[in-house]
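The values are calculated or read from the model by the stated rules, or taken from the named source; none is laboratory data. All of these numbers come straight from a predicted model, not from anything done at the bench. Cβ atoms come from the backbone with ideal geometry, glycine included; neighbour counts cover every protein chain shown.
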Amino acid sequence: MAPVQGDLPNFATHHLFLGSPGQNDGGRGAAESSWPRKIPGALLGCCTAMLGFLYLLIVGTAMAPFLLWPRTRPGALAALASGARRLAGLDRARRFVFFGDRFPEHYKSSDQKVLRYLAIRSYTGMLCTIVVGLLGFGVILAAVLAMRLLQGRLDLQELLTQALLGGVLLFLDVQGIYSLAVLDARLARECFGPSERELLRQRIDELATSRAAVLQAVDAERRRIERDLHDGIQQRLVALAMLLGRARRSRGRNPEQVDALLHQAHQESQEVITELREATWRIYPSALDSLGLKEALSGVSERCSLPIRMDFEVDRVLPQTVETAAYFVVSECVTNAAKHSGATAITIRLALHGAVLVVRVEDNGTGGADPSGSGLTGLRSRVSALDGLLHIDSPLGGPTTITAELPCA
């Protein structure tokens, strides 16, 4: 069963962050760190990079014969990666403490990715050490230059030359440190998974997309209601008015025809009432508020022309938004099955799996449901607005199974 295109990622993703110290500090560890906090983190990164370089040089050289022999290569590679993973854990903790990065807790990198991270970090860390060292050397030279200037042993031309050269070198040093810091963050994301800030940014983009889809679905629903009223109820009311008009004109000439016309008008009025009731139920079922989800779904079963078997395995009160979404999922699926699938029976099942309500509707029709149709697109938008998932399985020849997963938390 494949998910409909455009489904949101699993709604539990944003709960899988690093569970290290600081998890319960009110989000302080995930906040954007200030530069005074990042500077010691970058310097500490130079030290961890040196440790990584020494580990790969010493341990890697010692294990080189085992890595070259095919029989011992897997075990030697696993042992080498085990130590590398511990050193990478230090960098992960460094990114959390000094840079505020919180990575998914259950994300585990492969051995090859960890070794690649450690090797690249060793190179970039030593390069950062050299750049920081040059910056420190430049500060010392600037202090010497200032002392010569105070002592009057420096003319204007030499001062301008030294200042220009020092400014260029300072600019290159700062750019180098900044570029290496960006590379360090990118390497950490590749090895440890996306940070909490990136997940939150993705979440905001998903919510913006979901909001736009909901607005489109609302507009489509309004157009459908207008079409139902115009093509259905309005036409029946026109026919009812014509019947009453004919009866009024015939009341003095042909009493029997008047009785027949009034009988037709009465039948037409009953059909108008039924259709109007159906339209109002499609907009929002009042029974959902007064009687609850189970009774509202029983009303769907009673109004359907096909036999429906329903299993309702929900033993607690659900949020109103979840009940509304579940009702419309069932209602739309039942309507589609009755009108388009050629089915002879429908099965509905609602069950709670932890904090998720699973709604499953299956019919024995001919299948071939179009996920891009207006009805299913509206359902997808409604479910996605609650962080849910919608799955459609409708092969040609049937059966069609539509499953909605609605988080209740």
Quick check, is Leu352 in contact (Cβ under 8 Å) with a residue 40 or more places away in the chain and either part of a strand (DSSP E or B) or not assigned by TED's automatic domain parsing to the domain that holds Pro399 (or both)? yes
Which of the residues spanning the stretch 350-372 are more than 12 Å from Val314 (Cβ to Cβ) and of a type in the set (A, V, I, L, M, F, W, C)? Ala355, Val361, Ala369
Within the stretch 256-277, tally of residues that are under 14 Å from Ala241 (Cβ atoms) and either of a type in the set (Lys, Arg) or not in a helix (DSSP H, G or I) (or both): 0
If you check Phe137, Phe99, which single one turns out to be aromatic (Phe, Trp, Tyr) and touching a Gly at 6+ places or on another chain (Cβ under 9 Å)? Phe99
Within the stretch 104-124, identify whether any single residue is polar (S, T, N, Q), assigned by TED's automatic domain parsing to the domain that holds Met50, surrounded by 12 or more Cβ atoms within 10 Å (Cβ to Cβ) and over 36 Å from the mean Cα position of the chain (by Cα), and answer yes or no. no
Members of the stretch 234-265 found to be closer than 24 Å to Leu276 by Cβ, out of contact with any Leu (no Cβ under 7 Å at 6 or more places or on another chain) and aliphatic (A, V, I, L, M), listed by number: Leu237, Val238, Ala239, Leu240, Ala241, Met242, Leu244, Leu262
Looking only at the stretch 175-185, decide whether some residue is modelled with pLDDT under 85, of a type in the set (S, T, N, Q) and either over 30 Å from Gly100 (Cα atoms) or surrounded by 10 or more Cβ atoms within 10 Å (Cβ to Cβ) (or both). no
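Let's see how each residue does on (1) out of contact with any His (no Cβ under 7 Å at 6 or more places or on another chain); (2) at pLDDT 85 or above; (3) under 23 Å from Ile120 (Cβ atoms):
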| site | (1), (2), (3) |
| --- | --- |
| Asn24 | yes, no, no |
| Gly29 | yes, no, no |
| Ser33 | yes, no, yes |
| Ala42 | yes, no, yes |
| Phe66 | yes, yes, no |
| Arg71 | yes, yes, no |
| Ala78 | yes, yes, yes |
| Arg85 | yes, yes, yes |
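If I go through the stretch 350-364 residue by residue, how many of them are in contact with a helix residue (DSSP H, G or I) (Cβ under 7 Å, 6 or more places away or on another chain) and surrounded by fewer than 18 Cβ atoms within 10 Å (Cβ to Cβ)?
Going residue by residue through the stretch 350-364, those that are in contact with a helix residue (DSSP H, G or I) (Cβ under 7 Å, 6 or more places away or on another chain) are 350, 357, 359, 361, 363.
Add one more test, that the residue is surrounded by fewer than 18 Cβ atoms within 10 Å (Cβ to Cβ), and what stays is none.
So the count comes out to 0.
With the requirement that a residue be of a type in the set (S, T, N, Q), surrounded by fewer than 21 Cβ atoms within 10 Å (Cβ to Cβ) and either in contact with a Gly (Cβ under 7 Å, 6 or more places away or on another chain) or not assigned by TED's automatic domain parsing to the domain that holds Asp311 (or both), what does the stretch 329-349 give you?
None - no residue of the stretch 329-349 is of a type in the set (S, T, N, Q), surrounded by fewer than 21 Cβ atoms within 10 Å (Cβ to Cβ) and either in contact with a Gly (Cβ under 7 Å, 6 or more places away or on another chain) or not assigned by TED's automatic domain parsing to the domain that holds Asp311 (or both), so the list stays empty.
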Answer yes or no as to whether Ser394 is at negative phi, at pLDDT 85 or above, surrounded by 17 or more Cβ atoms within 10 Å (Cβ to Cβ) and among the small types (Gly, Ala, Ser). yes
Looking at the stretch 45-91, which of its residues are loosely packed, with under 12 Cβ neighbours inside 10 Å and outside any helix (DSSP H, G or I)? Trp69, Pro70, Arg71
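To keep it simple, each residue is scored yes or no on (1) out of contact with any Lys or Arg (no Cβ under 7 Å at 6 or more places or on another chain); (2) in a helix (DSSP H, G or I); (3) among the small types (Gly, Ala, Ser).
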position	(1), (2), (3)
Tyr327	yes, yes, no
Cys333	yes, yes, no
Val361	yes, no, no
Ser381	yes, yes, yes
Ile392	yes, no, no
Residue by residue through the stretch 290-314, note down the ones that are among the acidic types (Asp, Glu) and under 17 Å from Glu405 (Cα atoms). Asp311, Glu313
